[in-house]
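The values are calculated or read from the model by the stated rules, or taken from the named source; none is laboratory data. This structure is a prediction, so every number in the text was calculated from the model and none was measured. Please note: Cβ atoms are built from the backbone with ideal geometry, for glycine as well, and neighbour counts cover all protein chains shown.
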Amino acid sequence: MNFSTLDLVIIIVYLLFAMGLGFWAKRFVEDLSGYMVAGRRVKVSLGIATFVATELGTITFMYFGELGYVTGFSCFIIGILAAVAYSFVGSTGFIIAGLRRYGVMTIPEFYEIRYSRKVRLLGGIILFLGGVLNMGIFLKFDGIFLTEVMGFGPDALLVVMTVMLLIVISYTILGGMFSVVITDFMQFVVLSFGMLIATIAVLWNLDWGTLASAVTEHLGEEGYDPLVNPRFGWMFIVWILISNVAAGALWQPGTSKALASESPAVAKKVFFYTGLTFAGRAMVPMVWGIAALAYLGPGQPSAAAMPKMLSQLVPTGFLGLLIAGMLAASMSTYSAYLLAWSSVIARDVIACFRPTDFPEKTTIWITRIAAGIIGVFLLIFGLFYQIPDTAFQYLFITGAMYTAGALGCVSAGLYWRKANNVGAYTALVMGAIAPLGFLVLEKSRDLLPEQFLFITDVNIAGLLSFVLAATGMILGSLFTQASHPAKTITRAEVP
């Protein structure tokens with residue numbers, strides 16, 4: 001174990017500086033637009049930095065590292081698929097350019113513009129539930145990383161989780177998107193340096209030949225070929241590609257970066273150039289996970305193997321910089337996600353029970369309170385919920401609860417004039433059924449009749465969610481054109 005007092009000092013100094021910067025950003029929050037989308041002033045370079053920082057949290061390193069440990073090099077396909085999907089969204093402007101033109105702050109706002117306020121309410125509820133469940137394991141996995149790397153052991157998990165939560169909630173609640181964007185740029189730099197340090201330390205001790213030998217010995221062909229690996233296969237590849245396109249265009253924490261951009265053209269550039277980095281975002285921690293397999297051997301707790309290895313390979317002093325980088329990653333991710341989900345519950349759920357929206361100051365206060373409540377949920381849920389199989393599968397199946405229906409609603413709303421309310425309701429509900437069925441029934445598969453076992457296969461459930469949502473939108477709209485004619489809207493450019 002290489003963690004020392006010097007490492008602790010580095011971490012504390014960094015946290016104090018980051019929190020001070022977040023509090024300082026509060027002075028720039030002038031109104032609701034400033035709080036939720038940074039006044040729509042974000043340019044290309046800052047947008048790329050804040051987007052990468054948002055999508056590269058400690059949880060990202062944990063679930064990709066876990067995949068590397070249990071599947072070897074075959075999981076590299078995930079990074080390739082993500083890069084293809086996000087670059088496609090950026091190069092074409094698929095969905096994100098249209099949403100930016102309408103000037104919305106959250107995805108469900110578009111549901112009201114294109115469909116109705118009730119569709120916005122339903123979409124907001126599903127987005128909020130899916131998003132918070134998706135985020136539910138972040139705090140636990142980040143806590144596992146820190147307790148393993150710092151040598152505190154599992155007994156300190158609750159304390160570490162609580163401290164992390166208090167730090168992030170404090171400056172996110174006060175500063176909103178301005179705090180997120182300003183601190184993200186700094187944290188992008190710190191995180192990049194931390195990744196470089198860790199990768200050098202790993203490859204200094206374990207060369208590529210050693211990694212390949214470990215994968216061959218412990219995993220065989222499954223460690224190299226995603227089509228042979230039982231966790232993956234063609235169905236997995238199709239599902240993850242579609243899911244990444246949907247997430248790239250519609251996952252609120254990421255899409256908020258497009259909505260905060262100064263124009264649709266800037267939004268496209270931010271997504272395209274960020275997409276090019278997504279292969280590396282996945283493969284670097286995957287290599288760390290493979291290195292953990294080579295260094296520690298099989299049989300370790302899959303989530304803890306990678307950070308346990310790093311605690312022994314990264315030198316004192318540099319270990320503190322690495323942990324500071326991981327904390328930087330976590331702070332960026334938590335702040336963006338907390339702001340996204342609290343904004344949705346304030347604007348798209350609670351406010352929809354009124355004929356008109358709340359005043360801006362009221363909305364900001366509801367958002368702040370909601371962020372605090374979400375934080376408490378993350379602490380409780382993370383401590384007690386046992387995820388099915390790997391963290392990666394859990395995150396993608398909970399994400400599909402929302403993205404499947406949203407992809408049908410928003411893409412049809414933007415590009416198909418016959419999309420109507422019935423199609424929107426059907427797409428949202430049917431898109432959530434298969435993922436919800438998996439989460440509920442996966443732990444009871446031994447009690448299920450054989451004909452229902454398919455829903456406990458995460459790859460089937462994930463792909464089925466998108467098929468059902470698309471079917472619901474198309475059939476629901478076509479069969480009800482006479483009784484529920486599609487709404488015609490004017491396409492407006494919003495500064």
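Brief remarks follow.
- Test: residue in region 430-438 that is surrounded by 19 or more Cβ atoms within 10 Å (Cβ to Cβ), over 26 Å from GLY233 (Cβ atoms) and either in contact with a strand residue (DSSP E or B) (Cβ under 7 Å, 6 or more places away or on another chain) or among the small types (Gly, Ala, Ser) (or both): no
- Restricting attention to region 120-138 and to residues that are farther than 23 Å from GLN386 by Cβ and of a type in the set (Gly, Ala, Ser), the residue that is surrounded by the fewest Cβ atoms within 10 Å (Cβ to Cβ) turns out to be GLY124.
- Hey, GLY93 farther than 27 Å from ILE374 by Cα and surrounded by fewer than 23 Cβ atoms within 10 Å (Cβ to Cβ) or not: yes
- Of THR403, THR390, all but one fail to be crowded, with 19+ Cβ neighbours inside 10 Å, at pLDDT below 85 and within 24 Å of PHE141 (Cβ to Cβ); the exception is THR390.
Okay, residues lined up against (1) of a type in the set (Gly, Ala, Ser); (2) within 28 Å of the chain's Cα centre (by Cα); (3) assigned to a loop (DSSP other than H, G, I, E, B):
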{"residue": "VAL189", "(1), (2), (3)": "no, yes, no"}
{"residue": "THR210", "(1), (2), (3)": "no, no, no"}
{"residue": "THR216", "(1), (2), (3)": "no, no, no"}
{"residue": "LEU227", "(1), (2), (3)": "no, yes, yes"}
{"residue": "PHE232", "(1), (2), (3)": "no, yes, yes"}
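- Selection count where residues are in a helix (DSSP H, G or I) and modelled with pLDDT of 60 or more, scope region 152-182: 17
- Cβ pairs under 7 Å, 6+ apart, first in region 445-459 and more than 21 Å from GLY233 (Cα to Cα) and assigned to a helix (DSSP H, G or I), second modelled with pLDDT of 75 or more and not aromatic (Phe, Trp, Tyr): ARG445/LEU453; ARG445/THR456
- Number of the condition not met by LEU322 [criteria: (1) farther than 30 Å from PHE438 by Cβ; (2) at pLDDT below 80]: (2)
- Residues of region 108-151 satisfying the condition of being farther than 26 Å from THR480 by Cβ and either of a type in the set (Asp, Glu) or outside any helix (DSSP H, G or I) (or both): GLY136, ILE137, ASP142, GLU148, GLY151
- Qualifying residue in region 72-82 (condition: crowded, with 23+ Cβ neighbours inside 10 Å, more than 17 Å from SER243 (Cα to Cα) and touching a residue at least 12 places away in the same chain (Cβ under 8 Å)): yes
- Qualifying residue in region 282-293 (condition: more than 21 Å from the chain's Cα centre (by Cα), buried (at least 21 other Cβ atoms within 10 Å of the Cβ) and either within 18 Å of ILE11 (Cα to Cα) or small (Gly, Ala, Ser) (or both)): yes
- Within region 89-107, considering residues that are under 19 Å from the mean Cα position of the chain (by Cα) and part of a helix (DSSP H, G or I), the one farthest from CYS409 (Cα to Cα): GLY90
- Among residues of region 103-114 that are of a type in the set (Lys, Arg), those with a Cβ under 7 angstrom from a residue that is buried (at least 23 other Cβ atoms within 10 Å of the Cβ) and assigned to a helix (DSSP H, G or I), sequence gap 6+ or separate chain, pair up as ARG114/GLY413.
- Which numbered condition MET283 fails, given (1) at positive phi; (2) in a helix (DSSP H, G or I): (1)
- Residue in region 248-265 that is out of contact with any strand residue (DSSP E or B) (no Cβ under 7 Å at 6 or more places or on another chain), β-branched (Val, Ile, Thr) and at pLDDT 75 or above present: no
- Just one of the listed residues (THR488, THR426, THR480) is touching a helix residue (DSSP H, G or I) at 6+ places or on another chain (Cβ under 6 Å) and assigned to a loop (DSSP other than H, G, I, E, B), and it is THR480.
- Test for PRO315: is it under 30 Å from ILE200 (Cβ atoms), in contact (Cβ under 8 Å) with a residue 24 or more places away in the chain and not in a helix (DSSP H, G or I): yes
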